[in-house]
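Following: one structure in structure tokens, then a few remarks.
The values are calculated or read from the model by the stated rules, or taken from the named source; none is laboratory data. Note that this is a predicted model, so its numbers are computed, not measured. Please note: Cβ atoms are built from the backbone with ideal geometry, for glycine as well, and neighbour counts cover all protein chains shown. Just so you know, the surface numbers come from the protein's heavy atoms only, side chains and all, with ligands and any DNA or RNA stripped out. Shrake-Rupley method; radii C 1.70, N 1.55, O 1.52, S 1.80 Å.
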Amino acid sequence: MSFPRYREYGDEIDWLGKLPSHWRATRFKDVIEHIEAGTSVNATDVPAVHGQPGVLKTSCVYTGEFDASENKAVVPEEIDRVSCPVKAGTLIVSRMNTPELVGAAGLVREPADNVFLPDRLWQVHLAGVEPSFVHYWTRTREYRCQVQVACSGTSSSMQNLAQDQLRNMLLAVPPLSEQQAIAHFLDRETGKIVDLVAEQQRLIELLQEKRQAVISHAVTKGLDPAAPMKDSGVGWLGEVPAHWDVCPLMHLTDPTRPIMYGIILPGPNVDEGIPIVKGGDVKPHRLRLDLLNRTTPEIEAPYARARLQSGDIVYSIRGTIGEAELVPGELNGANITQDAARIAPNDSVLNRWLLHAVRSRPVFVQLEQRSLGAAVRGINIFDLKRARIPVPPPAERLRIADHLDHELAAFDGLRAAAENAIALLQERRAALISAAVTGKIDVRNLATAAAEAA
């Protein structure tokens with residue numbers, strides 16, 4: 001859908017382009033009543049319950065919307081030190097964060113009782129403007145570009161935004177009634193886009209569930225629905241074809257290269273060194289030389305037994321447990337950290353089939369039940385070695401691997417299409433917001449008509 005433009009525009013303005021002739025460009029400080037900063041206090045790792053004071057986490061504005069539930073309960077001895085209670089109608093701004101998240105802002109749309117700011121967040125009280133309109137401005141590329149310039153020259157991993165820098169940023173300000181019309185229009189239109197994104201995300205979830213079901217059925221029941229079945233003796237596996245075996249994972253691996261984890265303390269990333277696979281790297285399209293960290297030969301040398309070979313399987317055993325991928329040829333000789341395990345199939349075991357087997361839900365559940373750690377879940381190598389795997393004859397393994405490769409390629413294609421649709425919708429949402437709050441489109445009549453129809 002195309003939108004009309006304003007009839008008259010003024011001269012080009014830095015960061016904003018040409019504005020409608022009746023709009024004005026102003027510094028953010030001109031629409032700020034005052035800015036409050038919070039206090040750093042000791043808190044637990046869990047959110048505050050009703051009636052308990054909570055201090056916000058910086059993640060409360062990561063999505064561009066304010067989420068009061070992203071808080072931590074303040075410990076009793078620190079309650080007297082909390083400051084800056086959250087007020088409705090204000091903007092919460094992240095003043096210290098990574099380059100992508102510094103300056104992230106959320107609008108407090110409803111009262112958030114007993115919730116306070118930490119020192120890494122500001123509460124911006126506005127004057128003479130529609131808060132929703134200003135919030136939409138903080139979600140534009142024009143705002144983000146100014147944040148990036150203001151924070152340039154500081155650390156690449158953690159950046160600071162000074163109050164003076166925030167106050168001096170440029171924004172476009174139409175008359176108040178027009179601000180409200182634009183905010184209402186964007187509420188409606190971006191709400192539609194959010195609903196469409198949610199539909200695509202639900203589709204991805206359904207595809208993932210179906211994908212897992214297809215894997216689990218093939219590797220535990222086989223491809224012949226008429227095959228006689230027997231009890232596997234393993235609760236989570238249930239029945240398996242009568243002519244299959246069930247054995248520990250370690251019996252399917254090369255005895256000279258046992259299942260193991262790798263480097264405990266890999267140190268900081270170095271430009272030249274040995275590539276290392278962490279648990280978080282065990283994801284589709286992530287096992288690439290250009291995406292992996294590297295460690296020094298001196299740190300890696302004591303862990304030579306954990307080195308990878310092309311065709312091995314890497315399995316995430318800490319954090320997001322249960323992810324598994326085949327090692328590509330370019331990572332031959334790379335190593336792993338303590339967050340990942342190497343599974344080296346023996347010469348008689350097809351690695352593509354074994355990859356599907358260790359990805360299946362019935363196998364994963366055996367390990368999940370024993371996962372360790374409260375904050376960070378982990379799988380013990382002892383348990384991974386002894387995970388029970390249903391094993392068909394070699395020819396049947398090949399048929400199962402070929403079948404799953406074909407079926408999963410179709411699922412992956414559908415997932416990629418849904419992810420592409422989400423990306424396009426998000427791009428449209430961002431472009432629509434920028435166009436509306438910088439006056440590149442005129443939505444006044446559209447907003448009025450919608451309000452009358454409602």
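Quick look at the numbers
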| read-out | value |
| --- | --- |
| Where a residue in region 238-255 is on the phi > 0 side of the Ramachandran plot and its partner, wherever it lies, is loosely packed, with under 13 Cβ neighbours inside 10 Å, with Cβ under 9 Å and at least six apart | Gly238/Asp231 |
| Matching entry among Asp187, Asp113 (being open to solvent by 30 Å² or more (accessible area, probe 1.4 Å), among the charged types (D, E, K, R) and part of a helix (DSSP H, G or I)) | Asp187 |
| Only one of Glu33, Glu12 that is charged (D, E, K, R), open to solvent by 80 Å² or more (accessible area, probe 1.4 Å) and in contact with a His (Cβ under 8 Å, 6 or more places away or on another chain) | Glu33 |
| Residue check for Thr320: polar (S, T, N, Q), within 18 Å of Arg286 (Cα to Cα) and out of contact with any strand residue (DSSP E or B) (no Cβ under 6 Å at 6 or more places or on another chain) | yes |
| Test: Gln179 is open to solvent by 30 Å² or more (accessible area, probe 1.4 Å) and assigned to a helix (DSSP H, G or I) | no |
| Members of region 238-253 found to be open to solvent by 40 Å² or more (accessible area, probe 1.4 Å) and touching a strand residue (DSSP E or B) at 6+ places or on another chain (Cβ under 8 Å), listed by number | Glu239, Ala242, Asp245 |
| Residues located in region 267-277, provided they are in contact with a Lys or Arg (Cβ under 8 Å, 6 or more places away or on another chain) and either over 19 Å from Arg288 (Cβ atoms) or in a loop (DSSP other than H, G, I, E, B) (or both) | Asn269, Val270, Asp271, Glu272, Gly273 |
| Inter-residue pairs, beta-carbon under 8 Å, first on the phi > 0 side of the Ramachandran plot and of a type in the set (A, V, I, L, M) and in region 8-33, second modelled with pLDDT of 95 or more and open to solvent by less than 20 Å² (accessible area, probe 1.4 Å), 6+ apart | none |
| Residue in region 230-237 that is open to solvent by less than 10 Å² (accessible area, probe 1.4 Å), closer than 25 Å to Ile389 by Cα and touching a residue at least 12 places away in the same chain (Cβ under 8 Å) present | yes |
| Flag for Lys210 being among the charged types (D, E, K, R), out of contact with any Lys or Arg (no Cβ under 8 Å at 6 or more places or on another chain), open to solvent by 10 Å² or more (accessible area, probe 1.4 Å) and without any contact (Cβ under 8 Å) to a residue 40 or more places away in the chain | no |
| Test result for Arg167, out of contact with any Ser or Thr (no Cβ under 9 Å at 6 or more places or on another chain), of a type in the set (D, E, K, R) and surrounded by fewer than 18 Cβ atoms within 10 Å (Cβ to Cβ) | yes |
| All positions within region 218-236 that are under 20 Å from Arg399 (Cα atoms) and either over 38 Å from the mean Cα position of the chain (by Cα) or in a loop (DSSP other than H, G, I, E, B) (or both) | Gly222, Leu223, Asp224, Pro225, Ala226, Ala227, Pro228, Met229 |
| Selection count, region 278-314, where residues are in a loop (DSSP other than H, G, I, E, B) and without any contact (Cβ under 8 Å) to a residue 24 or more places away in the chain | 2 |
